[in-house]
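Got a structure for you, written out below as structure tokens; questions coming shortly.
The values are calculated or read from the model by the stated rules, or taken from the named source; none is laboratory data. No experiment lies behind these values; they were computed from the predicted model shown. Please note: Cβ atoms are built from the backbone with ideal geometry, for glycine as well, and neighbour counts cover all protein chains shown.
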Amino acid sequence: MDIKALGETIVLVGSAISTLKQVMDLLPDGSKKAEAQSDLEQAERQLSIAEAQTAEALGYQLCRKHGFPPVIMDSKGNGIWVCPECGDEVDEFEGGFVGSNPMHRS
Ligand SMILES: [Zn+2]
């Protein structure tokens, strides 16, 4: 499977998971529901890891300040990437942080 197809699959699985969560909310409470919810949370976590790995393989930069899974950064052009969560910037040609948002939340 090529990496682009993998990315599309991840989007599809992600929307399937959010649909399942909505359906789950309609179910009566019980041990089976709790079990299914925890399975779904596990799947969601696995998915975000796969998403980050795919993004990295596609050439996106990842912000590693948020534990696991990392946050996928937005491109500002010219090799500059900015984190949508904490505002940190990274220069992919230098590989280091080029600036930091004073509003950093952590
Ligand atoms: Zn960040």
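Might you check whether a residue that is crowded, with 17+ Cβ neighbours inside 10 Å, in contact with an Asp or Glu (Cβ under 9 Å, 6 or more places away or on another chain), among the polar types (S, T, N, Q) and not in a helix (DSSP H, G or I) occurs anywhere in the stretch 71-78?
no
Between a first residue in the stretch 82-93 that is within 10 Å of the ligand (Cβ to nearest atom) and a second residue that is among the charged types (D, E, K, R) and assigned to a loop (DSSP other than H, G, I, E, B), which pairs have beta carbons less than 9 Å apart while being 6 or more apart in sequence or on different chains?
Val82/Asp88; Cys83/Lys65; Glu85/Lys65; Glu85/Arg105; Cys86/Lys65; Cys86/Arg105; Gly87/Arg105; Asp88/Lys65
Do the conditions hold for Ala16, that is, is it at pLDDT 90 or above and either within 16 Å of Glu92 (Cβ to Cβ) or assigned to a helix (DSSP H, G or I) (or both)?
Considered against the rule, which asks whether it is at pLDDT 90 or above and either within 16 Å of Glu92 (Cβ to Cβ) or assigned to a helix (DSSP H, G or I) (or both), Ala16 comes out as yes.
How do the pairs read when you match residues in the stretch 17-35 that are in the same structural domain as Gln46 (by TED's automatic domain parsing) with residues anywhere that are in a helix (DSSP H, G or I) and charged (D, E, K, R), using Cβ under 6 Å and keeping only pairs 6 or more apart or on different chains?
Ile17/Glu44; Leu27/Lys33
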